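A quick write-up on the structure given underneath.
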Amino acid sequence: MRGSILVLTGPSGAGKSTLIKEMVKDIGPYYFSISTTTRAPREGEKNGVDYFFVDKEAFQNDIAEELFLEYALVHGNYYGTSLRAVEEALAQGKLVIFDIDVQGHKSIKARLPDITTSVFITPPSFEALKQRLINRNTDSMEVIEKRLIMADEELTKIDEFDYVIVNDDLQKAIQEIKAVAQTAKLKKCPASLDALKTLWKGI
């Protein structure tokens, strides 16, 4: 049986990384899709762990060779997902987890709708998000303002997602994301269902 896909989207500062860290403790075999990006590493980030860091020329060459499942240009930098790594994980029956923006979600949902479950994660308010970004102390105010503008734009797409989690109470949000992940694992593509029918009949 092929695996399935769980897409997590939401503004920077919504708490996606924290929720993912807790979620994967209890969901069984999974593959966390590591994005390729042209932005510079932040302090403490490691190549091949947090992202694959490449220059724009290398990224654009991979676009031309159709090596990405999805990609997007965000704040002047490219972000994309390797198609080969995702296909290998799906073939192994794993839940493939994405932490991507609304553009990436749209691309994946269009390409693999039968096995994709999507979740939009958001703080309870604009002001709560702004305060989290300031408290994180990793970006300049200019960058924070850009992130807040992007968050407003992303929120207009919230109805395109299967589920919405308001990350106000962390423990509640953790339980909700775990429940969604278990549900996502039950989604199967037509080929997997046909294989199950064949096994059922003993053919």
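The values are calculated or read from the model by the stated rules, or taken from the named source; none is laboratory data. Treat the numbers as computed from the prediction; the structure is a model and nothing was measured. Here the Cβ is made from the backbone with ideal geometry for all residues, glycine too, and neighbour counts use every protein chain on show.
Filter segment 1-26 down to the residues that are of a type in the set (A, V, I, L, M, F, W, C) and surrounded by fewer than 17 Cβ atoms within 10 Å (Cβ to Cβ), then identify the one that is modelled with the lowest pLDDT. Residue satisfying both the conditions and the ranking: M1.
Using beta carbons and a limit of 7 Å, which pairs, at least six apart or on different chains, have the first residue in segment 53-72 and surrounded by fewer than 17 Cβ atoms within 10 Å (Cβ to Cβ) and the second one assigned to a helix (DSSP H, G or I)? Going by the 7 Å Cβ cut-off, the qualifying pairs are L67/L83.
Being of a type in the set (D, E) and out of contact with any Lys or Arg (no Cβ under 8 Å at 6 or more places or on another chain) is the filter; apply it to segment 51-82 and report the residue that is nearest to A179 (Cα to Cα). Before you say what the answer is, go through the steps one by one.
Step one: list which residues in segment 51-82 are of a type in the set (D, E), which gives 55, 57, 62, 65-66, 70.
From what's left, out of contact with any Lys or Arg (no Cβ under 8 Å at 6 or more places or on another chain): 55, 57, 62, 65-66.
Values: D55: 38, E57: 41, D62: 36, E65: 37, E66: 34 Å.
That would be E66.
Looking across A58, A85, one residue alone is among the small types (G, A, S) and over 17 Å from the mean Cα position of the chain (by Cα). It is A58.
Close contacts from segment 135-147, counting a first residue that is more than 17 Å from L73 (Cα to Cα) and a second that is buried (at least 16 other Cβ atoms within 10 Å of the Cβ) and modelled with pLDDT of 85 or more, with Cβ to Cβ under 8 Å and a gap of 6+ residues or different chains, come to R136/G13; D139/L133; D139/R147; I144/K130; I144/L133.
With the condition kept exactly as written, say whether any residue in segment 73-83 is part of a helix (DSSP H, G or I), touching a residue at least 24 places away in the same chain (Cβ under 8 Å), surrounded by fewer than 18 Cβ atoms within 10 Å (Cβ to Cβ) and touching a Phe, Trp or Tyr at 6+ places or on another chain (Cβ under 9 Å). No: zero hits.
Looking only at segment 35-50, filter to residues that are of a type outside the set (D, E) and modelled with pLDDT under 90; which one of those is nearest to the chain's Cα centre (by Cα)?
Only one residue fits best here, namely S35.
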